[in-house]
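J.: Here it is: the structure, laid out below.
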Amino acid sequence: MTAAASRLALLWRLGAATTLIVTASAMVGPVLAVLLQQAGHGTAFIGTFSMLPFLMVGLLIPLMPRVLLRWGTIACYRAGAVLQLAGIVGYALSDSLAVWALSSVVIGIGAAALWNTTEALLAEEAPPEMRGRVMGLYQTSLGAALAVGPFLPGVLRLQAPTVLWLAVAMVAGCLLLAVTAPAHEPHAVARPHTGTLHAFRTVPWLALLAFCGGVFEAGLGAVGAAHASASGLSLRSATTVAGAIGFGSFLFQYPAGWAADRFALRRVFTGAALLLLLASIAMGFADQAPWLLWACGLVWGGVGGALYTLTMVQVAHAFAGRATAGGAAAMISGYTWGGTLGPVASGSALQGGGAPGLALVLALLALAALAAARRAVSAEA
């Protein structure tokens, strides 16, 4: 096998493994949220619990470029997969809140390794002329995982314990793919290294856009499912609110990448921010029209995910000729802190002000994304 073919095979193997583990996470997250709601916990508490994996990713991602440089791609990925498996097993073996919290922390540590490894590899190996479409296709697969995961308990008529053990089997499959991958490192590892902090200083507005994407795509699923459950829906129905977010992510990623290859990114970013603003305002009327939970979720997942995809495309261009692990880490950090703070802020807003309160918080965030979109690309020109 040629070196180029070997790199491509590694790229798709790790991409497939990551997609599998995201499916498991998307299936487990809403189920845990509904179980916590049924145990009497409010949405603010559930949001805080849901942020734990993202908190760990946010704390550790700035360190990952150095770890990748020292350990290498395959070793980092395998370690991350082992930690993910340990965390999921913890969920399945215990119903203790303390064990679940510890499992969430372990999962977050593993996710930091998996995430930075896969994203940096994609940004470095994708051909520049079709980078948007390659990134969009990969993010589409993750969107499909986010969409399918929350629907699996209802479609397969599974109870919560069965869902958790199915997730264990799926993460074990991810680990198997990683363990059997060839011990090959991409040629881009030898390129000049860019640190995470330097990347933040170079592309701060892109990091803000990634943060907004994280709130909308990753920070609202558990809270939305808990709110639907509190409104009287069953576990199977409530988790489909998170599924709508994932389905939107699935639908929007490749079109976003296609647009990035053909249009000025400033225009694409601006259009995305405006769509988020409209969906945020619409959320204020969800109490009168419950179907808006799913409609808004579709836009949140699709456009929020698209923001992240577009920032990764722009990072690959901005750091051309250098190893992109630092730039990728900066975008992942922004997205992750959005996913970390999103559940806390949205859960608190929902508990304190209902759907209108959540709408106000999200509308302000969409306005911040709009301001960042007007400055992000022009600041790098």
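J.: So which of A376, A318 ends up being out of contact with any strand residue (DSSP E or B) (no Cβ under 9 Å at 6 or more places or on another chain), open to solvent by 10 Å² or more (accessible area, probe 1.4 Å) and at pLDDT below 85?
T.: Working: A376 fails: open to solvent by 10 Å² or more (accessible area, probe 1.4 Å).
Only one candidate qualifies: A318.
J.: Among the helices (runs of 4 or more DSSP H) confined wholly to segment 201-303, which include 1 or more residues that are out of contact with any Phe, Trp or Tyr (no Cβ under 9 Å at 6 or more places or on another chain), among the hydroxyl-bearing types (S, T, Y) and under 18 Å from P30 (Cα atoms)?
T.: Those helices (runs of 4 or more DSSP H) span 221-230, 235-262.
J.: Let me ask another. Would you be able to say whether some residue in segment 284-297 is among the polar types (S, T, N, Q) and open to solvent by less than 70 Å² (accessible area, probe 1.4 Å)?
T.: No, because not a single residue in segment 284-297 is among the polar types (S, T, N, Q) and open to solvent by less than 70 Å² (accessible area, probe 1.4 Å).
J.: While we're on this one: Which condition number in (1) open to solvent by 20 Å² or more (accessible area, probe 1.4 Å); (2) in contact with a helix residue (DSSP H, G or I) (Cβ under 7 Å, 6 or more places away or on another chain); (3) over 23 Å from G248 (Cβ atoms) is the one that G327 fails?
T.: Condition (1) is where G327 drops out.
J.: Just a yes or no: is a residue in segment 160-170 among the aromatic types (F, W, Y), assigned to a helix (DSSP H, G or I) and surrounded by fewer than 17 Cβ atoms within 10 Å (Cβ to Cβ)?
T.: yes
J.: If you scan segment 12-31, which residues turn out to be touching a Ser or Thr at 6+ places or on another chain (Cβ under 8 Å) and open to solvent by less than 20 Å² (accessible area, probe 1.4 Å)?
T.: If the condition is that a residue be touching a Ser or Thr at 6+ places or on another chain (Cβ under 8 Å) and open to solvent by less than 20 Å² (accessible area, probe 1.4 Å), then L14, G15, T18, P30, V31 are the ones that fit.
J.: Here's a follow-up. Inside segment 135-168, can you point out the residues that are farther than 26 Å from Q37 by Cβ and either more than 17 Å from the chain's Cα centre (by Cα) or hydroxyl-bearing (S, T, Y) (or both)?
T.: Y138, T140, S141
The values are calculated or read from the model by the stated rules, or taken from the named source; none is laboratory data. Please read these numbers as outputs of a predicted model, since none were measured by experiment. No Cβ is skipped: glycine too gets one built from the backbone with ideal geometry, and neighbour counts run over all protein chains shown. The accessibility values were calculated without ligands, DNA or RNA, using every heavy atom of the protein model including side chains. Shrake-Rupley method; radii C 1.70, N 1.55, O 1.52, S 1.80 Å.
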